[in-house]
Amino acid sequence: MPTRPFRCESCGHTSFFGPVTAVGGVITNLEGQVLLIERAREPGLGKLGMPGGFVDPNEGAEVALRREIQEEVGISVGKLTFLMTAPNSYTYHGISLPVLDIFFSTIMTADQEIVHDDSEVSAWMWTDLTPAILDRLAFHSNRQALEHFLDFSF
């Protein structure tokens, strides 16, 4: 992690290195099960996660989450309810980035066919959030969000 703030000796420019922003969606069906994906790439290849990803420049968190859900599992969702934020670290090719994950919950009420993007998702499932499922998650922040969701969903 670079020193905060970074100051250029030559020009005096100052830059603060903060975390990048990512989003995740706790999507439930009418039976109360949660949609989880199996990751098709590193980090966390073969482990579970929720639909989501990085926020693009000039994009709000809610727009980013709707885009990521559409890209990864081919569905659209209704109202997004803020759930929580959590710090995360994303390590790819030996480089770790600090990440701030923003989580929302939503219910998939319409009958939609889930069609996953093979480059990002190798499988998907509707599941109850058992300890065994939570142990298979790729990111600690996802587990925190799902445990938080369980605490407030009853």
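The values are calculated or read from the model by the stated rules, or taken from the named source; none is laboratory data. What you see is a predicted model, and the numbers here were worked out from it, not measured in a lab. Heads up, the Cβs are rebuilt from the backbone with ideal geometry, glycines too, and the neighbour counts pull from every protein chain shown.
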Verdict on Thr28 being over 12 Å from the mean Cα position of the chain (by Cα) and within 16 Å of Trp126 (Cα to Cα)
yes
Which of (1) exposed (fewer than 12 other Cβ atoms within 10 Å of the Cβ); (2) within 17 Å of the chain's Cα centre (by Cα) is the odd one out, the single condition Ala123 does not satisfy?
(1)
Which members of the range 60-97 meet the condition of being closer than 17 Å to Asp117 by Cα and of a type in the set (D, E, K, R)?
Arg66, Arg67, Glu68, Glu71, Glu72
For the range 116-137, which residues satisfy the criterion of being modelled with pLDDT under 95 and in contact with an Asp or Glu (Cβ under 8 Å, 6 or more places away or on another chain)?
His116, Asp117, Glu120
Count - residues of the range 126-151 that are hydrophobic (A, V, I, L, M, F, W, C), assigned to a helix (DSSP H, G or I) and over 16 Å from the mean Cα position of the chain (by Cα)
3
Between a residue in the range 11-40 that is assigned to a strand (DSSP E or B) and any residue that is of a type in the set (Lys, Arg), which pairs come within a Cβ distance under 6 Å, given they are 6 or more apart or on different chains?
Thr14/Arg7; Arg39/Lys47
Filter the range 88-115 down to residues that are outside any strand (DSSP E or B) and small (Gly, Ala, Ser) and give me whichever is modelled with the lowest pLDDT.
Ala110
Sort through Asp111, Asp117, Asp101 and tell me the only one that's without any contact (Cβ under 8 Å) to a residue 24 or more places away in the chain and either surrounded by 13 or more Cβ atoms within 10 Å (Cβ to Cβ) or charged (D, E, K, R) (or both).
Asp111
Output for the range 49-71, where each listed residue is over 12 Å from Phe104 (Cα atoms) and either over 11 Å from the mean Cα position of the chain (by Cα) or assigned to a loop (DSSP other than H, G, I, E, B) (or both):
Val55, Asp56, Pro57, Asn58, Glu59, Gly60, Arg67, Gln70, Glu71
